[in-house]
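Comments concern the structure below.
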Amino acid sequence: MLKRKNIIKIAIDSPAAAGAGTIGKAISKHYNLFYLDTGKIYRFIAFLKLNYPKKFNLKFIKDKIRNLQIKDLSNKKLLSDEIGSEASIISKKKILRKIVYSFQINFAYNPPKKYSGSCLDGRDITYNIVPDADFKFYITANVKTRALRRFKELKGLKKKVTYLEVLKSIKKRDKSDFNRKIAPLKKTRDSLLINTTNLNKSSCFLKLKKIIDRKLIINGNLQRSFKSSQSRVRKTTK
Ligand code: C5P
């Protein structure tokens with residue numbers, strides 16, 4: 001597989017609804033990175049399972065993942081709690097993780113030229129998908145805060161759920177994601193812990209930005225490559 005050189009790679013792992021997606025998107029926008037919420041791929045497969053139960057077999061999944069477009073992952077239907085719970089069940093299957101693996105690797109190491117790099121968030125990104133990432137973060141928050149955020153998000157989407165249902169489902173998902181045998185969620189030693197319980201979006205963003213900027217300045221090579229790709233972007237967008 002083709003791997004682009006001198007790109008910035010950011011890997012984020014986090015439990016459900018910890019705010020990783022919001023931060024990942026903001027950071028990617030700021031540093032011009034190709035962003036992927038990998039949970040959406042598992043959600044996409046869960047969606048296929050629930051909507052096409054008769055066709056749902058390995059060949060069907062492989063074909064769908066081979067033709068998967070980023071825009072397919074922005075389908076609002078993927079956001080429901082039901083799909084999230086199903087995603088956490090199917091994501092335990094080794095064969096499914098294998099199918100999803102190459103999509104993620106290609107995304108991380110070969111982002112389109114107009115991007116300065118990539119940013120992926122999920123459960124096994126820091127140690128399985130992008131183990132050589134330039135920046136690794138483990139983003140978390142206490143479970144009640146996460147449930148409340150997810151509850152508000154689902155309410156915003158006009159879903160009929162109660163806070164307690166969401167809390168129960170997040171706890172169940174945590175249990176499964178942390179304890180499964182294959183690719184469990186964990187904080188690796190080389191990941192920076194960011195607890196977002198008492199942080200709003202902008203303070204969270206600034207916290208990560210400070211860490212990233214500091215390393216980009218210390219590491220001259222990385223900074224040079226980043227600057228040159230940034231100026232390329234500026235030129236092409238003029
Ligand atoms: O991040 P999100 O909550 O959308 O992920 C849905 C489910 O997909 C998770 O609960 C987890 O079981 C699974 N997942 C995974 N590996 C990833 C990302 C998500 O197993 N890299």
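Go through (1) touching an Asp or Glu at 6+ places or on another chain (Cβ under 6 Å); (2) assigned to a helix (DSSP H, G or I) one by one and return the number of the condition Lys155 breaks.
With respect to (1) touching an Asp or Glu at 6+ places or on another chain (Cβ under 6 Å); (2) assigned to a helix (DSSP H, G or I), Lys155 is out only on (1).
Here are Asp124, Asp72, Asp134: which of them is among the acidic types (Asp, Glu) and in contact with a Phe, Trp or Tyr (Cβ under 8 Å, 6 or more places away or on another chain)? Lay out the reasoning, then the answer.
Numbers: Asp124 fails: in contact with a Phe, Trp or Tyr (Cβ under 8 Å, 6 or more places away or on another chain); Asp134 fails: in contact with a Phe, Trp or Tyr (Cβ under 8 Å, 6 or more places away or on another chain).
When all the criteria are applied, what remains is Asp72.
So Thr126 clears everything in (1) part of a strand (DSSP E or B); (2) within 13 Å of the ligand (Cβ to nearest atom) except one condition, right? Which one?
The failed condition is (1).
Scan the stretch 60-69 residue by residue and report those that are part of a helix (DSSP H, G or I) and either in contact (Cβ under 8 Å) with a residue 24 or more places away in the chain or within 13 Å of the ligand (Cβ to nearest atom) (or both). Before the answer, list the steps.
Residues of the stretch 60-69 that are part of a helix (DSSP H, G or I), as a first pass: 60-66.
Hits for the stretch 60-69 are Ile61, Lys62, Ile65.
Quick check, is Lys49 of a type in the set (D, E, K, R) and not in a helix (DSSP H, G or I)?
Values: of a type in the set (D, E, K, R): yes; not in a helix (DSSP H, G or I): no.
In short, no.
Take the stretch 71-86 and flag every residue that is within 15 Å of the ligand (Cβ to nearest atom), free of Cβ contacts under 8 Å to residues at least 40 places away in the same chain and part of a helix (DSSP H, G or I). Working first, answer last.
So the first thing to find is which residues in the stretch 71-86 are within 15 Å of the ligand (Cβ to nearest atom), and the list is 72-86.
Applying the additional criterion that residues be free of Cβ contacts under 8 Å to residues at least 40 places away in the same chain yields 72-75, 77-78, 82.
Those that are within 15 Å of the ligand (Cβ to nearest atom), free of Cβ contacts under 8 Å to residues at least 40 places away in the same chain and part of a helix (DSSP H, G or I): Asp72, Leu73, Ser74, Lys77, Leu78, Glu82.
Find all pairs meeting these conditions: Cβ atoms under 7 angstrom apart; at least six residues apart or on different chains; first residue within the stretch 176-189 and hydroxyl-bearing (Ser, Thr, Tyr); second residue buried (at least 16 other Cβ atoms within 10 Å of the Cβ).
Ser176/Ser88; Thr188/Thr126; Thr188/Tyr127; Thr188/Lys136
Looking at (1) crowded, with 21+ Cβ neighbours inside 10 Å; (2) at pLDDT below 95, which is the one condition that is false for Gly117?
(2)
Sort through Ala183, Ala133 and tell me the only one that's part of a loop (DSSP other than H, G, I, E, B) and on the phi > 0 side of the Ramachandran plot. Write out each step before concluding.
Values: Ala133 fails: on the phi > 0 side of the Ramachandran plot.
When all the criteria are applied, what remains is Ala183.
Can you name the residue in the stretch 177-190 that is buried (at least 17 other Cβ atoms within 10 Å of the Cβ) and within 12 Å of the ligand (Cβ to nearest atom) and is also farthest from Asn128 (Cα to Cα) among such residues? Give the derivation first.
Residues of the stretch 177-190 that are buried (at least 17 other Cβ atoms within 10 Å of the Cβ), as a first pass: 177, 183, 185, 187.
When the remaining residues are screened for being within 12 Å of the ligand (Cβ to nearest atom), the result is 177, 183, 185.
Working: Asp177: 15, Ala183: 7, Leu185: 11 Å.
Checking each candidate, the answer is Asp177.
Given the options Lys40, Lys9, name the one that is within 16 Å of the ligand (Cβ to nearest atom), in contact with a helix residue (DSSP H, G or I) (Cβ under 7 Å, 6 or more places away or on another chain), of a type in the set (Lys, Arg) and over 23 Å from Asp177 (Cα atoms).
Values: Lys40 fails: over 23 Å from Asp177 (Cα atoms).
On inspection, the qualifying residue turns out to be Lys9.
Only one of Lys160, Lys172 is among the basic types (Lys, Arg), surrounded by fewer than 16 Cβ atoms within 10 Å (Cβ to Cβ) and touching a residue at least 24 places away in the same chain (Cβ under 8 Å); which? So that I can check it myself, show each step before the final result.
Values: Lys160 fails: touching a residue at least 24 places away in the same chain (Cβ under 8 Å).
None of the other options fit; the residue is Lys172.
Pull up the stretch 1-33, narrow it to residues that are charged (D, E, K, R) and part of a loop (DSSP other than H, G, I, E, B), then point me to the one that is surrounded by the most Cβ atoms within 10 Å (Cβ to Cβ). Show your work before the answer.
Start the filter on the stretch 1-33 by keeping residues that are charged (D, E, K, R), which leaves 3-5, 9, 13, 25, 29.
Going one step further and asking which of them are part of a loop (DSSP other than H, G, I, E, B), we end up with 3-5.
Details: Lys3: 10, Arg4: 17, Lys5: 6.
Across the stretch 1-33, the extreme among qualifying residues is Arg4.
In the list Tyr138, Tyr115, which residue meets the criterion of being over 15 Å from Ile12 (Cβ atoms), in contact with a strand residue (DSSP E or B) (Cβ under 6 Å, 6 or more places away or on another chain) and either among the hydroxyl-bearing types (Ser, Thr, Tyr) or assigned to a helix (DSSP H, G or I) (or both)?
Values: Tyr138 fails: over 15 Å from Ile12 (Cβ atoms).
Only one candidate qualifies: Tyr115.
Exactly one condition in (1) near the ligand (Cβ under 10 Å from one of its atoms); (2) under 20 Å from Asn128 (Cβ atoms); (3) modelled with pLDDT under 95; (4) among the polar types (S, T, N, Q) is false for Ser102; which is it?
(1)
The values are calculated or read from the model by the stated rules, or taken from the named source; none is laboratory data. Just so we're clear, the structure is a prediction, and the values are computed from it rather than from any experiment. As a convention, Cβ positions derive from the backbone with ideal geometry for all residues, glycine included, and neighbour counts pool all protein chains shown.
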